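Student: Here it is: the structure, laid out below.
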Amino acid sequence: MDRRLAALLQEKFGDRLLTPVRQRYDESEIRVALADATDTLRTLHDDPAFRFEMLIDLCGVDTGEEMQVVYHLSSSTSGDWLRVIVPGLDRTAPRIASATFMWPGAEWMEREAYDMFGIIFEGNRDLRRIYMPDDYRSYPLRKDFYLADDASRSPAAGVRNMERAGTPADATAATTLRKSPGV
Amino acid sequence: MTQQMRPSLDDPRVAIPAESSWYEPAPIPQTERQAEFLTLREGEMFVNMGPQHPSTHGVLRVIIKVNGEKVVDLDPVLGYLHRGVEKLCENADYHQAICYTDPLEYVASLFCEAAPVAAFEKLMDVDVPRRAQYIRVLTMELNRIASHTLFQGWMALDLGGITPILWAFIERDEIVDMLAALTGQKLLYNYYRIGGVNGDLNHEFMSRLGTWMSRAAAQIDSNLALINENEIFVRRTRGLGVLDAKTALKMGVTGPNLRASGVPFDLRRDRPYLVYPELEFDVPTRDEGDSLARYLVRMDEIKQSIRIIDQVLHEMPDGPVMAKLPRLLRPRPGRAFGAVEGPRGVYGTYAISDGTDQPFRMRIHDPSFVHLQLVGPLTKGNLIADTMAVMASLDPVMGGVDK
């Protein structure tokens with residue numbers, strides 16, 4: 001754990017951070033609001049104090065209440081790793097700016113997040129399905145997409161449609177959705 | 001009772017559908033990039049490669065836009081092996097999730113296990129016994145050698161040489177059999193557990209390993225001599241598909257492909273895990289960034305892996321191989337990212353726990369997925385036959401790409 005990185009992040013971003021910098025084992029984590037996401041990532045990428053030039057991973061997360069986009073970055077000067085969580089994407093129409101301007105390699109990872117969660121990355125010039133067929137209509141990694149054996153796991157909810165096409169607006173009542181308020 | 005007869009195509013009354021409906025209609029471009037790709041200029045045409053093609057190392061379809069013999073643009077079509085592993089893991093408990101990750105990369109499956117295990121151990125604050133850590137390093141390095149020797153044979157095969165793959169399989173089969181004696185499985189080992197490994201080293205494994213180690217270095221050197229001094233191989237790969245360090249970093253390339261571009265980034269040294277900080281090894285790099293460099297870096301890594309195995313065998317302590325853990329694991333809510341340096345790059349797992357016995361979200365990051373993006377940029381302007389050489393040198397495995 002690098003105390004210096006925590007202090008530096010706190011100093012640079014200060015009020016922009018939604019929660020204090022969290023560090024555990026060799027991981028550091030910050031949370032920034034959707035509106036600040038692009039600016040924060042750009043600073044992390046360009047600022048000589050950080051130089052987070054490598055995008056290790058980009059993924060979407062559905063918490064059952066909102067969508068998140070999570071970036072894992074690696075610094076090419078200090079060797080630190082940082083997790084940037086952008087919470088608060090609307091589940092009915094998740095949208096966020098693309099990171100392909102800084103990391104062109106994010107293109108396919110954003111396509112994957114779009115394919116699996118329906119998150120629209122504005123500015124990605126090739127945002128189409130990557131794993132599922134082009135005419136597929138649901139988003140498999142959303143929490144309202146059930147697997148066939150989910151019915152046996154929670155008998156009260158009964159048998160539900162496995163593939164829930166289209167928007168989450170016609171999703172099941174919130175009671176059957178697995179949610180994680182702590183995430 | 002009239003019986004419905006199936007119309008015969010010989011019957012002149014049967015209307016034969018118009019030609020356009022026999023074939024798949026031309027796709028409607030959905031994005032800017034796809035529209036650009038689907039536009040043909042004078043002299044250009046599409047050539048389809050795959051999904052069943054010997055050079056794609058799995059089930060990959062590549063649509064190549066060619067002008068004569070030159071590749072103008074290229075669009076990989078993924079998803080033929082998509083199994084939804086991430087979704088399955090969300091519906092399995094922590095122990096079960098590990099065995100879903102095994103088949104991701106069937107030539108290096110211990111690394112696919114190691115990444116989620118590392119993430120789960122961080123979530124649960126488990127200390128892995130030292131002997132188990134040594135065993136993990138030993139088995140992972142063996143698996144790395146198996147993967148790299150297979151790569152060596154494959155790459156030569158893609159360039160038209162049949163012999164090297166037969167030699168490569170000798171080494172690789174010996175390692176696979178050795179690991180089968182230890183884990184009970186030839187390819188999908190399912191050997192790592194949260195808090196240790198499944199079973200201590202046994203006599204058969206150790207005796208086979210000893211025999212193999214006594215001749216491994218010499219055997220691998222003779223395999224290398226078969227290819228490294230082959231003029232056709234060298235002339236076809238040197239200067240082909242050059243990837244410079246800056247682009248490689250921007251594209252998120254990791255592993256040997258990045259080190260072949262001159263960036264000495266290796267998780268084993270830069271972000272140490274298990275007992276790697278106590279072991280002595282070099283991180284081989286090359287500056288050229290071409291297909292030959294990517295090949296040579298992997299061959300240098302084999303030698304370093306043998307060096308690591310040698311040290312591990314000398315320093316392996318006694319003791320338990322599993323930490324004491326409850327059968328039902330319910331980690332506290334939290335997040336963890338586990339990453340290991342595999343034969344292709346960084347294998348990562350981002351796990352979120354919500355306090356139940358199943359991971360709330362499990363993201364699997366596979367390096368092959370990122371590297372496959374490069375096939376397009378690296379092959380533009382080259383011959384069609386060189387596409388295979390570039391793709392082979394990037395060493396993607398489709399099981400991991402498609403998840």
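The values are calculated or read from the model by the stated rules, or taken from the named source; none is laboratory data. All values reported here derive from a predicted model rather than from experimental measurement. Every residue, glycine among them, receives a Cβ derived from its backbone with ideal geometry; neighbour counts consider all protein chains shown.
Student: Take region A:18-52 and flag every residue that is more than 12 Å from chain B (Cβ to nearest Cβ), among the acidic types (D, E) and either within 20 Å of B:A339 (Cα to Cα) or surrounded by fewer than 15 Cβ atoms within 10 Å (Cβ to Cβ) (or both).
Tutor: Once the filter is applied, which keeps residues that are more than 12 Å from chain B (Cβ to nearest Cβ), among the acidic types (D, E) and either within 20 Å of B:A339 (Cα to Cα) or surrounded by fewer than 15 Cβ atoms within 10 Å (Cβ to Cβ) (or both), region A:18-52 yields A:D39, A:D46, A:D47.
Student: Continuing with the same structure: Find all pairs meeting these conditions: Cβ atoms under 9 angstrom apart; at least six residues apart or on different chains; first residue within region A:53-67 and more than 7 Å from every other protein chain (Cβ to nearest Cβ); second residue assigned to a loop (DSSP other than H, G, I, E, B) and among the aromatic types (F, W, Y).
Tutor: A:L58/A:W103; A:D62/A:Y139
Residue by residue, here is whether (1) at pLDDT 90 or above; (2) part of a loop (DSSP other than H, G, I, E, B); (3) within 27 Å of A:F101 (Cβ to Cβ) holds:
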site	(1), (2), (3)
B:A218	no, no, no
B:I227	no, no, no
B:F233	no, no, no
B:V242	yes, yes, yes
B:T247	yes, no, yes
B:E280	yes, yes, no
B:A293	yes, no, no
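Condition check ((1) touching a residue at least 60 places away in the same chain (Cβ under 8 Å); (2) part of a helix (DSSP H, G or I)) across all residues:
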| position | (1), (2) |
| --- | --- |
| A:M109 | no, yes |
| A:A113 | no, yes |
| A:M116 | no, yes |
| A:F121 | no, no |
| A:Y131 | no, no |
| A:D134 | no, no |
| A:Y139 | no, no |
| A:R142 | yes, no |
| A:F145 | no, no |
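Student: List the helices (runs of 4 or more DSSP H) that sit entirely inside region B:338-403 and contain at least 2 residues that are of a type in the set (G, A, S) and either within 13 Å of another protein chain (Cβ to nearest Cβ) or in contact with a Ser or Thr (Cβ under 9 Å, 6 or more places away or on another chain) (or both).
Tutor: Passing ranges, in order: B:384-394, B:398-402.
Student: Got at least one residue in region B:317-331 being within 13 Å of another protein chain (Cβ to nearest Cβ) and either more than 29 Å from B:F233 (Cβ to Cβ) or not aromatic (F, W, Y) (or both)?
Tutor: yes
Student: In region A:106-129, which residues are at pLDDT below 90 and within 7 Å of chain B (Cβ to nearest Cβ)?
Tutor: A:R125, A:D126, A:L127, A:R128
Student: Across region A:21-52, which residue is nearest to A:R95 (Cα to Cα) among those that are within 19 Å of the chain's Cα centre (by Cα) and part of a loop (DSSP other than H, G, I, E, B)?
Tutor: Selected residue: A:A33.
Student: Which one is farthest from B:C99 (Cα to Cα) among residues in region B:180-197 that are assigned to a loop (DSSP other than H, G, I, E, B), touching a residue at least 24 places away in the same chain (Cβ under 8 Å) and not β-branched (V, I, T)?
Tutor: B:G195
Yes/no per residue for (1) within 12 Å of chain A (Cβ to nearest Cβ); (2) assigned to a helix (DSSP H, G or I); (3) modelled with pLDDT under 90:
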position	(1), (2), (3)
B:V107	no, no, yes
B:V117	no, yes, no
B:E121	yes, yes, no
B:V128	no, no, no
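Matching residues to (1) farther than 30 Å from B:K122 by Cα; (2) touching a strand residue (DSSP E or B) at 6+ places or on another chain (Cβ under 8 Å); (3) not hydrophobic (A, V, I, L, M, F, W, C):
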position: B:W167; (1), (2), (3): yes, no, no
position: B:D177; (1), (2), (3): yes, no, yes
position: B:K186; (1), (2), (3): no, no, yes
position: B:S214; (1), (2), (3): yes, no, yes
position: B:Q219; (1), (2), (3): yes, no, yes
position: B:R238; (1), (2), (3): yes, no, yes
position: B:L249; (1), (2), (3): no, yes, no
position: B:S261; (1), (2), (3): yes, no, yes
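Student: Another question about this same structure. Check region B:147-167 and report whether any residue there is without any contact (Cβ under 8 Å) to a residue 60 or more places away in the chain and under 21 Å from B:G345 (Cα atoms).
Tutor: Yes, the conditions are met somewhere in region B:147-167.
Student: Here's something else I'd like to know. With of a type in the set (V, I, T), in contact with a helix residue (DSSP H, G or I) (Cβ under 6 Å, 6 or more places away or on another chain) and either outside any helix (DSSP H, G or I) or more than 11 Å from chain B (Cβ to nearest Cβ) (or both) as the only criterion, which of A:V70, A:V86 stands out?
Tutor: A:V86
Student: Within region B:251-284, work out how many residues are under 22 Å from B:R236 (Cα atoms) and buried (at least 19 other Cβ atoms within 10 Å of the Cβ).
Tutor: 6
Student: Of all residues in region B:219-237, which are closer than 16 Å to B:H148 by Cα and not β-branched (V, I, T)?
Tutor: Quick first cut of region B:219-237, residues closer than 16 Å to B:H148 by Cα only: B:219-228.
Of everything in region B:219-237, those that are closer than 16 Å to B:H148 by Cα and not β-branched (V, I, T) turn out to be B:Q219, B:D221, B:S222, B:N223, B:L224, B:A225, B:L226, B:N228.
Student: Only residues in region B:92-108 that are under 13 Å from B:P396 (Cβ atoms) and acidic (D, E) count as the first member; pair them with residues that are modelled with pLDDT of 90 or more and assigned to a helix (DSSP H, G or I), Cβ under 8 angstrom, at least 6 apart or cross-chain, and list the lot.
Tutor: Pairs found: B:E105/B:F111; B:E105/B:C112; B:E105/B:S368.
Student: Tell me yes or no: at least one residue of region B:313-331 is out of contact with any Pro (no Cβ under 8 Å at 6 or more places or on another chain), under 30 Å from B:V66 (Cα atoms), assigned to a helix (DSSP H, G or I) and at pLDDT 90 or above.
Tutor: So far as region B:313-331 goes, no, none of its residues is out of contact with any Pro (no Cβ under 8 Å at 6 or more places or on another chain), under 30 Å from B:V66 (Cα atoms), assigned to a helix (DSSP H, G or I) and at pLDDT 90 or above.
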